[in-house]
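Heads up, the thing below is written out as structure tokens.
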Amino acid sequence: MSADNVAAASRINVDLGERSYEILIGGGLLEQAGEMIQSLRPGAKCAIITDETVASYHLAALEASLTDAGIKSQAIILQPGEATKSFTQLQSVVEGLLAQRIERADLVIAFGGGVIGDLAGFAASILRRGVDFIQIPTSLLAQVDSSVGGKTGINSPYGKNLIGAFHQPLLVLCDTDVLQTLEPRQFRAGYAEVAKYGLIRDNAFVTWLEENRHALFDLDPAALTEAIRFSCAMKARVVHEDEKEHGVRALLNLGHTFGHAFESLTGYGDRLLHGEAISIGMVMAFAFSEELGHCPAGRSDTVAKHFKAVGLPTTLSDIPAHEELTLDAVVDKMSQDKKVERGTLVFILAHEIGDAFISRDVSPTVLRDFLERQF
């Protein structure tokens, strides 16, 4: 990819004052990563954090790009999967970065999906009290969501993403070409986060997805670029308004209070991927909104139909071995959600498709009654 192609890539600015950065979206960006990083931080060496799957497909290309730009780099390669977001792996990564003598003027590159981005970003945030990092997301979910906005962290037995920090990247490079190697199930899981943006704030985007989902799943470059561009642009606006989730940014968690509980109870593994859990969670969020009288009847069915059409799960019964889940366990996990305020759950509910809102007055009894009917 030539410099002209890089200049033509879709660019979105995340406006955060001194912490502002660009998101670049397009094909072939991986080949130019070294040149862009060298211009951004001349003389820095880079530590690449990635996983075995991504390394097998794309690490050689990234390393070649860095070498061509005169950048010294070394990779730390981890096991793929949500279970990697743990204290054990965090310690391993931080000690690996120290062994490489990564200094404050150097860079960490998060090269992978959401797991790698969250873990590498958190490691960078605590290494020497803060080292800058760059996101090169390789999954659809990471390109449209987790790589943007500076949320980093790891999981706990008590719940998902409960340990972490806000640490904004210097740059996000979304190379649409790398999605060609993504497993179909992982692509579907990422699609749930794409649809989320429309369900929250823009019904017209939901309509666009209905009309273009076949092109998206065929990995059409133009459709991919537009879906990623729209998603990142919306997230950038929300992050600009509320960087550390004291208000409107919580809307981006539509379905996550339910979904994170299901992820935690299924062990953060292949049994239930993040996007699959969020698909179920968003359908439940609309059903709960209907039951509370906030949303017209039938909207949850519309959302479920959309997700079913692309092969995503929409109910608890779609979770493998769902019989092992219990009402008490789900309620307990939800009580540990990050959005809990002084012991009260904060929910993202909806007035309509494309019109979500934050609710701080959900009765625990009403929630429990609703969940009981989902089992």
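The values are calculated or read from the model by the stated rules, or taken from the named source; none is laboratory data. Please read these numbers as outputs of a predicted model, since none were measured by experiment. Using ideal geometry, Cβ is built from the backbone for each residue, glycine included, and neighbour counts are taken over all protein chains shown.
Numbers at a glance
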| read-out | value |
| --- | --- |
| Members of the stretch 46-64 that are touching a helix residue (DSSP H, G or I) at 6+ places or on another chain (Cβ under 7 Å) and either without any contact (Cβ under 8 Å) to a residue 12 or more places away in the chain or surrounded by fewer than 21 Cβ atoms within 10 Å (Cβ to Cβ) (or both) | Tyr57, His58, Ala61 |
| Residues of the stretch 296-332 that turn out to be out of contact with any helix residue (DSSP H, G or I) (no Cβ under 7 Å at 6 or more places or on another chain) and among the β-branched types (Val, Ile, Thr), as a count | 2 |
| Residue among Leu224, Leu182, Leu219, Leu173 that is surrounded by fewer than 16 Cβ atoms within 10 Å (Cβ to Cβ) and either polar (S, T, N, Q) or farther than 25 Å from Ile348 by Cα (or both) | Leu219 |
| Long-range neighbours under 9 Å by Cβ, at least six apart or interchain, first residue assigned by TED's automatic domain parsing to the domain that holds Pro137 and over 15 Å from Tyr57 (Cβ atoms) within the stretch 18-31, second surrounded by fewer than 20 Cβ atoms within 10 Å (Cβ to Cβ) and basic (Lys, Arg) | Glu22/Arg11; Ile23/Arg11; Ile23/Arg229; Leu24/Arg11; Ile25/Arg11; Ile25/Arg229 |
| Selection status of Val310, closer than 27 Å to Pro80 by Cα, at pLDDT 95 or above, crowded, with 17+ Cβ neighbours inside 10 Å and not basic (Lys, Arg) | yes |
| Selection count, the stretch 211-263, where residues are within 24 Å of Arg188 (Cβ to Cβ), at pLDDT below 95 and not in a helix (DSSP H, G or I) | 0 |
| All positions within the stretch 286-313 that are closer than 23 Å to Leu140 by Cα, of a type in the set (A, V, I, L, M, F, W, C) and part of a helix (DSSP H, G or I) | Val303, Ala304, Phe307, Ala309 |
| Tabulated pairs, the stretch 183-199, first aromatic (Phe, Trp, Tyr), second part of a helix (DSSP H, G or I), C-beta under 6 angstrom, 6+ apart or interchain | Phe187/Leu140; Tyr197/Ser231; Tyr197/Met234 |
| Residue count, the stretch 334-374 (criterion: in a strand (DSSP E or B), farther than 18 Å from Ala261 by Cβ and either at pLDDT below 90 or of a type outside the set (A, V, I, L, M, F, W, C) (or both)) | 3 |
